[in-house]
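The structure under discussion appears below in the form of structure tokens.
The values are calculated or read from the model by the stated rules, or taken from the named source; none is laboratory data. None of the values given here were measured: they were computed from a predicted structure. Because the Cβ atoms are built from the backbone with ideal geometry, glycine has one as well, and the counts that use them run over all protein chains shown. Remember, those area values only see protein heavy atoms, side chains included, never the ligands or the DNA or RNA. Shrake-Rupley method; radii C 1.70, N 1.55, O 1.52, S 1.80 Å.
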Amino acid sequence: MKPINTSRRTLLTTTGGAIGLASLGAISSLTPAAKALAATQTDPKTALPAYADWKHADSLIVHSANTMETKRTAFGNGIITPLDRLFIRNNISPPSAEIVADPDAWQIQIDGVKDPITLSVADLKTLGVTTVAMVLQCSGNGRGFFPSKPSGTQWTVGAAGCVMFTGVPVKTLLEHVGGMDSTAKYMTGTGGEPIPEGLDPNTIQVERSVPLEGIEDALLAWEINGQPLPLAHGGPLRLVVPGYTGVNNIKYIKRLAFTADQSQANIQQSGYRMAPQGEKGAPTQASVWEMPVKSWITHPGEPDSQLKAGPLQIQGLAMGGTSEVTEVEVSIDGGKNWKKAEFIGPDLGPYAWRQFVLPADLKAGTYTLASRAKNKAGDEQPADRLENNRGYLNNSWTDHALTITVA
Ligand SMILES: Nc1nc2c(c(=O)[nH]1)N[C@H]1C(S)=C(S)[C@@H](COP(=O)(O)O)O[C@H]1N2
Ligand SMILES: [Mo]
């Protein structure tokens, strides 16, 4: 068999499938990196990669084998995003599916604490358990609306979902290991992707540090929406930091450390920084951590929808970020006039989103639908996006508006 090229370029190039599965031979004889590559070969019928072939293809926009978003009309009306509709984002190809064959055996190293220890998922399950409902949202959700066309996936609204994670609170774990080091200022999680030999881990390792406030409601989670975490969403074990953007929620976590400094990985030092347009990311700029207040309309959700005149339930989703969402207003004239929408369905806590509805009766014409939310902390969803080089944290209500035609 021809040796597989596991260079950085090959590992990071996940679309197209330059190497066909057939030429890879028996999967079991492959190196971990080659297996990861094989797992991202896409099925031409659905364009879904093997590790996500159980997803509902019609509900997703497949940008690449490592980036899939939920269509605006496919979130469902039940608050919790069905797992087969939930977006996927991998910065590098996921590990082999072998790691979820025996989830309880997965191990995590705990460092920067009084009693450093290696624990299995089975061990963690004996320490404590709770569930949190939370929005999981990519930092770049809404990037596709930036006129400056920042590089990266051109997400619209669907690099987000509201899910239930079950696991042990990080605070409970900390009690078990005697508390964190007195010098600790950050919680640093390391992803379990295999790093090809000879490569400096800092160049590709998914390792993120969050400030200690993030610990308060953080979990090491092994379940999502009542099911064992699938590989696509970070199984066997994932760090979740409610209120923080997607990248801070480390999948297949292999190490959790309480550190004096932020991770030296590029993804922390220069990646996910609020760099001014045209400038590279640098440690002096703000790191992308907390999510801002945001909302968008989901029904009618197709731009240029052709609708019949008459009654209509305008619906959408609203999230508060790190503080619960308290109010949403809807406009049908592009933001000139606003009406208060009603929240419907259960309130699943400050980190979940809420569904909202505004009944309308529309005559023939063209309408620009927009929504804007407020949270308990007093933040209001702004009209304008915060310009930045990589197109992070877009919560502009004008960008998320959509125009429909009623006949
Ligand atoms: N280990 C690891 N964790 C990761 C990533 C990754 O590539 N590797 N991607 C991050 C990013 S950028 C996002 S948006 C979320 C996506 O989570 P999901 O794929 O479960 O939707 O996972 C985050 N955690
Ligand atoms: Mo992301």
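In the chain, the calculated helix contribution to ellipticity at 222 nm averages -2000 deg cm²/dmol per residue, counting -39,500 (n - 2.57) for every DSSP H run with n ≥ 4.
When the chain is described by a simple charge dipole with +1 on each Lys and Arg Cβ and -1 on each Asp and Glu Cβ, the residue from 362, 226, 173 located farthest towards its positive end is 362.
Calculated FRET efficiency, residue 73 to residue 364, Cβ-Cβ distance, R0 = 30 Å: about 0.85 to the nearest 0.05.
Comparing mean-square fluctuations of 377, 74, 65 from a GNM of the chain with C-alpha springs under 10 Å, the top value falls on 377.
Got a number for carbon plus sulfur as a percent of the stretch 294-406's accessible area, 1.4 Å probe? It is 49 percent, rounded to a whole number. A simple spin-label model places pseudo-atoms 7 Å from Cα toward Cβ; at residue 203 and residue 336 they are separated by 5.6 nm.
Packing-wise, with mean Cβ within 10 Å as the measure, how do 264-270, 335-341 rank, highest first? Can you show the working numbers first?
Working: 264-270: 18.4, 335-341: 14.0.
Highest-to-lowest ranking by the protection proxy: 264-270, 335-341.
Computed from the C-beta positions of residue 307 and residue 286 and an R0 of 56 Å, the FRET efficiency is 0.85 to the nearest 0.05. Placing unit charges on each Cβ (+1 for Lys and Arg, -1 for Asp and Glu) gives the chain a dipole about its Cα centre, and among 130, 348, 148 the Cα reaching farthest toward its positive end belongs to 148.
For the stretch 205-306, which trypsin sites (Lys or Arg not before Pro) are in a loop by DSSP, counting at most 13 other Cβ atoms within 10 Å?
Working: sites: 208, 238, 251, 254, 255, 273, 280, 294; in loops: 251, 280.
Qualifying residues, ordered by number: 280.
The magnitude of the dipole of the stretch 188-277, with charges of +1 and -1 set on the Cβ of Lys/Arg and Asp/Glu and taken from the Cα centre, is near 120 debye.
Summary value for the stretch 227-272: 26 percent relative contact order, contacts being C-alpha pairs under 8 angstrom separated by 6+ residues.
Of the listed peptides 369-376, 392-399, what is their order by residue-averaged count of other C-beta atoms within 10 Å, with the highest listed first? Write out the running numbers ahead of the final one.
Working: 369-376: 23.8, 392-399: 22.2.
Descending mean neighbour count gives 369-376, 392-399.
The GluC sites (Glu not before Pro) of the stretch 158-262 that DSSP puts in a loop, and whose beta carbon has at most 14 other beta carbons within 10 Å, are 197. Residue 145 contributes about 50 Å² of solvent-accessible surface, heavy atoms of the protein only, 1.4 Å probe.
On average, how much accessible surface per residue is there in the chain, in Å², for a 1.4 Å probe, leaving out ligands, DNA and RNA?
Working: 17040 Å² over 407 residues.
Result: 42 Å² per residue.
Across the stretch 1-289, C-alpha contacts under 8 Å between residues 6 or more apart give a mean separation that, scaled by the residue count, equals a relative contact order of 17 percent.
Taking the Cα centre as origin and putting +1 on Lys and Arg beta-carbons and -1 on Asp and Glu beta-carbons, what dipole magnitude results for the stretch 294-406, to the nearest 20 debye? Please report the intermediate quantities before stating the final value.
Working: 12 positive and 14 negative charges, 15 e Å.
Charge dipole of the stretch 294-406: 80 debye, to the nearest 20.
Could you rank the peptides 101-109, 50-58 by their average count of other C-beta atoms within 10 Å per residue, with the highest value first?
Packing proxy ranking, top to bottom: 50-58, 101-109.
Please give the charge dipole size of the chain, origin at the Cα centre, charges +1 on K and R Cβ atoms and -1 on D and E Cβ atoms. Round to the nearest 20 debye.
Its charge dipole is roughly 860 debye.
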